[in-house]
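First up is the structure itself, then whatever we jot down about it.
The values are calculated or read from the model by the stated rules, or taken from the named source; none is laboratory data. Keep in mind that what you see is a predicted model, and the values were worked out from it rather than measured. As a convention, Cβ positions derive from the backbone with ideal geometry for all residues, glycine included, and neighbour counts pool all protein chains shown.
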Amino acid sequence: MFKERKTVRILPFIILFIFNISAVSFADYNSAEIVHHLGMRIPMDLTFTNSDGSKVLLKDLINEPTVLDFCYYNCAGICTPLMLEVSDVIGKVKYEPGKDYNIISISIDQNETPTMAAGKKRAMIGMANREVPDSAWMFLTGDSTNIYKLTDAAGFRFKRNFGGFLHKGVLIFVDKTGKIVQYLDPGYKKTGDFAILPSNFELAIEKAGKGEVTSTIEKVLQTCYSFIPKGNDLLVLLLVLASGLISVAVVFIVVKKAKLNT
């Protein structure tokens, strides 16, 4: 009897704990978003480290229409699938990398190294069905200050989560002055992987070449959870909600049984 009453007394605290956990999960989920800064310029004087270990300035890399890909190289979620899709679309568009446009993948993890960047670069360029000059697709790392300055300017919001990062998958096109002209939200294949239409990629390059800002039709962007490699936004929300409801249901049953036994 004493144990049952003690259980009933602590149940409100259990329920409060469950709801707090759910609230934190939703807050983390909402912290990963893309805020469109169309027409604004990214800071070009930021310093990063390339895959060879050399310090580089953004203004020295962005001299053509450029695709920005924020990722991290040790990602177990959407980063590699998105880069693989970029590798695939490179071979399908009429424009030449290194001549008509460049790509810059930038790690959002300040702890990653040039060695990791070099490994990812070899893998991704090796998958492209087209010759990609070394300078056409750069893989960078940097310190937290420069990473946050660049991602804030680009409207790329992310948060460290469960040993990885919670973030969206998107390609950001800038012109040679660093002006943001388009956010390209990849679609999805039936397999759940990313899909980038070559025509959309080409059009974004053309707009960036002219410095013309293009509004982006909003889509549900795939979110990177380290513990859900290919989960989409709706699935994540449903899982969080379902776990909370199940926990509350269990607590309710325990309370009811405790009352019946008193």
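Listing for the model above:
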| quantity | calculated |
| --- | --- |
| Region 26-65 - residue that is at pLDDT below 95 and touching a Leu at 6+ places or on another chain (Cβ under 9 Å) and, of those, nearest to Ile108 (Cα to Cα) | Ala32 |
| Criterion: modelled with pLDDT under 95, closer than 19 Å to Val35 by Cβ and either surrounded by 16 or more Cβ atoms within 10 Å (Cβ to Cβ) or charged (D, E, K, R) (or both) - qualifying residue of Gly155, Gly178, Gly77 | Gly155 |
| Count - residues of region 111-147 that are surrounded by 15 or more Cβ atoms within 10 Å (Cβ to Cβ) and under 20 Å from Ile42 (Cβ atoms) | 10 |
| Residue in region 90-110 that is in the same structural domain as Asp52 (by TED's automatic domain parsing), within 10 Å of Tyr73 (Cβ to Cβ) and surrounded by fewer than 17 Cβ atoms within 10 Å (Cβ to Cβ) present | no |
| Region 96-119: number of residues that are in contact with a strand residue (DSSP E or B) (Cβ under 6 Å, 6 or more places away or on another chain) and either of a type outside the set (Gly, Ala, Ser) or at positive phi (or both) | 7 |
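One line per residue, one yes/no per condition, for (1) not charged (D, E, K, R); (2) not in a helix (DSSP H, G or I):
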site: Arg122; (1), (2): no, no
site: Arg130; (1), (2): no, yes
site: Ser135; (1), (2): yes, yes
site: Leu140; (1), (2): yes, yes
site: Asn146; (1), (2): yes, no
